[in-house]
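*Asks:* Here it is: the structure, laid out below.
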Amino acid sequence: MKVLGKTFRNQIKVICGEPFCKDDKFEGFDYDIYYSFRLPTTDELKEVLAILRGNADLLAKFEAASMHINPYSTFWVRETAPYLLFMKQLQYYDSKTEASVPSSGNDEEARYRITIAYF
């Protein structure tokens, strides 16, 4: 797991139905390619948060690596909600209420963004 910090809604775009952030950029001669860490699904996030909440030593290791995380906060997730006719709306997971919530256009709260790699 990698904690990418807190991100505002206006820093995330929906590309091909999935959330996308400009994390890295490759500058070509006549084009630029942007890369993004993939957000976890709600189920993946629930699994990770359950592990974090039950392991204080693991939370301390994240703090020591300067990846601050509060497992009782809100997190951006990969799922999107339908909005208008063909548009998608970002969603976040509120770990206090254990619910996925659509993010409205006037939402100005920063939420955690994490990515998970499986080996």
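The values are calculated or read from the model by the stated rules, or taken from the named source; none is laboratory data. Fair warning: this is a prediction, and the values are worked out from it, not measured in the lab. Every residue, glycine among them, receives a Cβ derived from its backbone with ideal geometry; neighbour counts consider all protein chains shown.
*Asks:* Kindly list, by first and then second residue, each pair from a residue in segment 93-116 that is more than 21 Å from residue 23 (Cα to Cα) to a residue that is of a type in the set (Phe, Trp, Tyr) and in a loop (DSSP other than H, G, I, E, B), limited to pairs with Cβ atoms under 7 Å and residues at least 6 apart or on different chains.
*Replies:* 95/72; 96/72
*Asks:* Picking from 62, 119, 26, 86, which residue would you name as being among the aromatic types (Phe, Trp, Tyr) and touching a residue at least 24 places away in the same chain (Cβ under 8 Å)?
*Replies:* 62
One line per residue, one yes/no per condition, for (1) β-branched (Val, Ile, Thr); (2) modelled with pLDDT of 85 or more; (3) in contact with a strand residue (DSSP E or B) (Cβ under 7 Å, 6 or more places away or on another chain):
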| residue | (1), (2), (3) |
| --- | --- |
| 53 | no, yes, no |
| 62 | no, yes, yes |
| 90 | no, yes, yes |
| 105 | no, no, no |
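*Asks:* Consider segment 11-42. How many of its residues are within 13 Å of the chain's Cα centre (by Cα) and not in a loop (DSSP other than H, G, I, E, B)?
*Replies:* The total comes to 7.
*Asks:* When you check residue 15 against the structure, is it aliphatic (A, V, I, L, M), modelled with pLDDT under 90 and surrounded by 10 or more Cβ atoms within 10 Å (Cβ to Cβ), yes or no?
*Replies:* So residue 15 fits the description; yes.
*Asks:* Mind listing whichever residues of segment 70-100 are within 13 Å of residue 112 (Cα to Cα) and assigned to a strand (DSSP E or B)?
*Replies:* 74, 75, 76, 77, 78, 91, 92, 93, 94, listed by residue number.
Conditions tested, residue by residue: (1) over 24 Å from residue 91 (Cβ atoms); (2) touching a Phe, Trp or Tyr at 6+ places or on another chain (Cβ under 6 Å).
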{"position": "2", "(1), (2)": "no, no"}
{"position": "12", "(1), (2)": "no, no"}
{"position": "26", "(1), (2)": "yes, no"}
{"position": "33", "(1), (2)": "yes, yes"}
{"position": "37", "(1), (2)": "no, no"}
{"position": "41", "(1), (2)": "no, no"}
{"position": "51", "(1), (2)": "no, no"}
{"position": "55", "(1), (2)": "yes, no"}
{"position": "74", "(1), (2)": "no, yes"}
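*Asks:* For residues in segment 23-58 being among the aliphatic types (A, V, I, L, M) and buried (at least 16 other Cβ atoms within 10 Å of the Cβ), which is farthest from residue 101 (Cα to Cα)?
*Replies:* My answer is 52.
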